[in-house]
Each structure stands twice: as structure tokens, then as C-alpha cells.
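S.K.: Take a look at this one; I'll ask things after.
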Amino acid sequence: MKLNLDTRIYIAGHRGMVGSAIWRKLEADGYTHLIGKTSAELDLRNQQAVQSFFEKEQPEVVIDAAARVGGILANNEYPYQFLMENMQIQNNLIDTAFKAGIDKFIFLGSSCIYPKLAPQPLKEEYLLTGPLEPTNEWYAVAKITGVKACEAIRKQFGKDYISLMPTNLYGPFDNFDLKTSHVLPAMIRKFHDAKVKSEETSVTEPVEVWGSGTPMREFLYVEDLAEAVVFALENEFQDNLYNVGTGEDLTIKELAELIQKIVGHTGEIIWDSSKPDGTPRKLMDVSKMTDAGWKAKTSLEEGIRRTYAWFLEHQGEFKEVKIK
């Protein structure tokens with residue numbers, strides 16, 4: 001389908017880090033009929049509520065940026081919620097959109113769908129070729145079912161349902177809750193808190209970080225992802241699954257040192273090697289997106305600087321992430 005600036009576009013999860021970035025990008029590009037509901041207004045786990053919403057709002061395009069997300073700690077402590085709630089959310093959205101006759105659907109997943117020991121960089125065809133990383137397999141299994149549901153609809157009915165798999169994301173409106181956040185925002189919070197405490201006590205405060213620091217990770221600024229989503233909306237892709245990332249990675253130790261420099265913390269970094277490292281390396285092969293015509297443009301240092309500036313401006317407003 002061809003989009004117009006008044007096309008009714010529903011962004012599920014529009015208040016989250018990813019969804020809000022997509023909303024801002026679409027708004028900046030002149031789209032005038034964006035649809036969003038908070039989780040309090042619409043429980044995406046409730047099939048009947050989702051069906052009623054679609055009947056009332058009649059969206060023409062759906063972007064699924066809604067998910068139960070979190071880092072290693074949260075995935076380990078709440079496996080059932082990470083598996084079941086993500087399947088409920090995406091199944092309700094995908095199935096209802098399909099039954100409502102919607103031709104364009106973008107499903108957002110994660111690089112954790114690929115096997116733990118898959119060859120690097122990760123290619124789309126490596127999906128389901130080996131065991132998953134145990135620390136986030138619950139979330140990964142749910143996301144894999146979403147990818148396959150979109151692929152099945154595309155294969156059987158010819159609809160333009162595609163899945164974008166972003167690498168590790170960060171940016172404005174990230175989750176800085178230390179119990180449930182991912183590694184990059186957690187480090188920003190830890191280094192900032194230690195810096196403030198050091199200034200208050202005149203005693204240099206160390207920062208403890210999980211793991212050995214040796215795993216390698218790739219990070220994508222969320223506003224770059226938003227541009228990739230809009231690019232996918234406005235163009236017809238030939239396949240069902242595309243990796244979205246920078247194609248560059250660094251060690252967790254290098255990440256910690258970069259964040260420490262940006263924040264201005266000068267104390268010791270203590271590595272707790274008793275805690276899990278997760279997957280040894282997760283670098284995305286982004287050649288399919290590059291061939292399609294899109295490429296990330298924000299450097300990691302620039303993205304972290306922007307994110308830390310946002311963090312400083314919004315202290316006291318951070319969302320508290322609770323899992324029931």
C-alpha cells in the first residue's frame with residue numbers, strides 16, 4: 001500500500017522509548033493521523049479490548065513497538081511474564097490486524113532471537129539454527145513466534161507484514177531502573193549516581209558492573225531506529241525479516257569506560273565476574289537493510305552524550321518499571 005500523510009497509523013507502545021521515537025519521527029515528517037493508547041487505556045494482553053479498539057479506530061497501518069522488556073536480571077526473575085505477556089501482546093495485534101484487513105504491519109523484535117553461538121555477524125538466515133541464550137530465552141521465544149506469524153501471513157496471504165530486528169537500543173525515554181534496565185542505561189545511572197555521591201562525600205565512589213567486561217555488544221540510537229521504521233513504512237521490502245543496527249560493536253569494558261568519560265566519573269570500575277555475561281558477542285549483519293537503502297548515522301559517543309543530556313534534564317521523572 002502507498003502511504004499518505006493522513007494515513008491512519010497505529011503505534012502500539014507509543015509512550016515507550018521506541019514507540020515515542022517513531023511517533024516523533026512520523027510527526028516531524030508531517031503525518032497527521034497517528035493513533036496511540038497508553039497501557040491504562042488499552043490492555044494489549046486483552047484480546048477483546050484489542051478487537052474493540054481496532055473496530056473503533058480503524059487503523060490502516062500498525063507498528064508493533066509494544067513489549068514487556070528488561071535486562072538479564074528481569075528476564076531471569078520473571079520468565080513467565082516475559083514469555084506469556086509478549087506472546088499475548090503481539091498475537092492480539094497481529095491477528096486482529098490481519099482479520100481487520102490491514103495490509104501493512106511492522107513487527108519490532110530483538111537481536112536476541114538468534115542462537116547464542118551463531119556465527120558473527122548475525123545474519124537473518126541464522127534464525128532457529130541453534131540454542132538460544134538462556135538468560136533471555138523467554139523473551140526471545142516470544143519474539144520468534146511474532147516473526148514467524150508475520151512471515152506466515154506474508155507467505156500465505158501476500159500481505160506486507162515485515163519484522164525489523166534492532167540491535168541493543170538506547171536513547172531518550174529509556175528505562176533507567178537498575179532492577180529492570182538494559183546494560184547501557186544502567187551504566188549511565190550507576191556512573192552518575194557514583195559521581196554525585198563522590199561529590200557529596202568527597203570520597204571517590206567506585207562503580208560495580210556485572211560480568212567480566214569481555215562480551216561484545218552493538219548499540220543503536222533509538223532515533224536511528226525510528227528512521228529505519230519510517231523507511232520501512234514508506235518502501236516495499238522484498239523479504240520478511242531485516243536486521244537493524246550499526247554493524248559495529250565494542251566490549252562491555254570499552255562501553256563502561258566511554259560512559260564513565262561522558263558522565264565524568266573518576267572512580268574505580270569493579271567487575272563482578274560472579275554475575276552472568278550473557279551471549280559472548282551479538283553483532284548484526286545489516287547488509288540487507290543497507291542494500292534496501294537505509295543506514296544508521298548516529299555514532300555511539302554522540303548517542304550516549306544525547307542520552308545523558310536527556311537523563312540530566314528528566315531526573316525525577318523516570319518511569320518506575322514494576323513486574324507483577
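S.K.: Can you classify segment 239-281 as rounded, prolate or oblate using the Cα gyration tensor, where a ≥ b ≥ c are the square roots of its eigenvalues, rounded means a/c under 1.5, and otherwise it's prolate if a/b beats b/c and oblate if not? Show your work: numbers first, answer last.
M.R.: Details: a/c = 4.04, a/b = 1.71, b/c = 2.37.
Oblate shape, in that a/c is at least 1.5 and b/c is the bigger or equal ratio.
S.K.: Could you provide, to the nearest whole Å², the per residue accessible area of segment 1-158 with probe 1.4 Å? Intermediate results must be reported in sequence, preceding the final value.
M.R.: Details: 7190 Å² over 158 residues.
Result: 46 Å² of accessible area for each residue.
S.K.: So how many Å³ per residue does the convex hull of the Cα atoms of segment 177-276 work out to?
M.R.: Numbers: hull volume 13.0 nm³, N = 100.
Residue-normalised Cα hull volume stands at 130 Å³.
S.K.: Which FRET efficiency value, to the nearest 0.05, is calculated for Leu178 and Gln120 with the Förster distance at 35 angstrom and r the Cβ-Cβ distance?
M.R.: Details: r = 29 Å, r/R0 = 0.84.
Between Leu178 and Gln120 the formula returns 0.75.
S.K.: If you take the C-alpha gyration tensor of the chain, multiply each eigenvalue by 5 and take the square root, what semi-axes do you get, largest first, in whole Å? Mind showing how you got there, number by number?
M.R.: On the way: eigenvalues 219, 90, 72 Å².
After scaling each eigenvalue by five and taking roots: 33, 21, 19 Å.
S.K.: Over the residues of segment 5-70, compute the C-alpha Rg and express it relative to 2.2 N^0.38 Å. Before the final figure, lay out the partial values.
M.R.: Numbers: Rg = 11.7 Å, N = 66, 2.2 N^0.38 = 10.8 Å.
Rounded to two decimals, the normalised Rg is 1.08.
S.K.: Would you calculate the separation in nanometres between label points at Lys295 and Ala152, each defined as 7 Å from the Cα along the Cα-to-beta-carbon direction?
M.R.: Output for this residue pair reads 3.8 nm.
S.K.: Give the span of segment 61-153's Cα atoms along each principal axis, as three whole-Å numbers ordered largest to smallest.
M.R.: Largest first, segment 61-153 extends 39, 29, 15 Å along its Cα principal axes.
S.K.: Would you mind telling me the share, in percent, of accessible area of segment 223-324 contributed by carbon and sulfur at probe 1.4 angstrom? Don't jump to the answer; show the numbers that get you there.
M.R.: Working: 2290 of 5230 Å².
C and S fraction of accessible area: 44 percent.
S.K.: Using the Kirkwood radius over Cα pairs, work out the Stokes-Einstein diffusion coefficient for segment 128-173 at 25 °C and 0.890 mPa s, in µm²/s as a whole number.
M.R.: Values: Rh = 12.5 Å.
For the chosen part, D equals 196 µm²/s.
S.K.: Right, next: Hey, what's the Cα Rg ratio for segment 76-213 versus the globular rule of thumb, 2.2 N^0.38 Å?
M.R.: Output field value: 1.34.
S.K.: Right, here's the next one. When the Cα atoms of segment 154-210 are enclosed in a convex hull and the volume is divided per residue, what value in Å³ results? If you can, show how the numbers build up before the last one.
M.R.: Values: hull volume 6.8 nm³, N = 57.
Per residue, the Cα convex hull of segment 154-210 comes to 119 Å³.
S.K.: OK, next. Per the Kirkwood definition applied to all pairs of different Cα atoms, how many angstroms is the hydrodynamic radius of segment 212-324?
M.R.: Values: mean 1/r = 0.0603 Å⁻¹.
Hydrodynamic radius (Kirkwood, Cα only) of segment 212-324 equals 16.6 Å.
S.K.: In addition: Per the Kirkwood treatment, what hydrodynamic radius in Å, one decimal, follows for segment 1-134 from the mean inverse distance over all distinct Cα pairs? Before the final figure, lay out the partial values.
M.R.: On the way: mean 1/r = 0.0614 Å⁻¹.
Answer for segment 1-134: a Kirkwood hydrodynamic radius of 16.3 Å.
S.K.: In 5 Å bins starting at 0, how do the alpha-carbon pair distances of segment 110-191 split up by percent?
M.R.: Whole-percent P(r) values from 0 Å outward: 3, 13, 18, 19, 17, 15, 9, 3, 1, 0, 0.
S.K.: Starting from the Cα of Val196, step 7 Å along the direction of its Cβ; do the same at Leu128; then give the gap between the two resulting points in nm.
M.R.: Label-label distance for Val196 and Leu128, simple model: 4.7 nm.
S.K.: Now for a separate question. Please find, in a Gaussian network model of the chain (springs between Cα atoms separated by less than 10 Å), the residue of Val183, Val50, Val196 whose mean-square fluctuation is greatest.
M.R.: Fluctuation is largest for Val196.
S.K.: Same structure, new question: Please find, in a Gaussian network model of the chain (springs between Cα atoms separated by less than 10 Å), the residue of Ala256, Ala226, Ala28 whose mean-square fluctuation is greatest.
M.R.: Ala28
The values are calculated or read from the model by the stated rules, or taken from the named source; none is laboratory data. On a predicted model such as this, the values are computed, not experimentally measured, just so you know. Note that we place each Cβ from the backbone using ideal geometry, even for glycine, and neighbour counts take in every protein chain shown. SASA here: full protein model, heavy atoms, side chains in, ligands and nucleic acids out. Shrake-Rupley method; radii C 1.70, N 1.55, O 1.52, S 1.80 Å.
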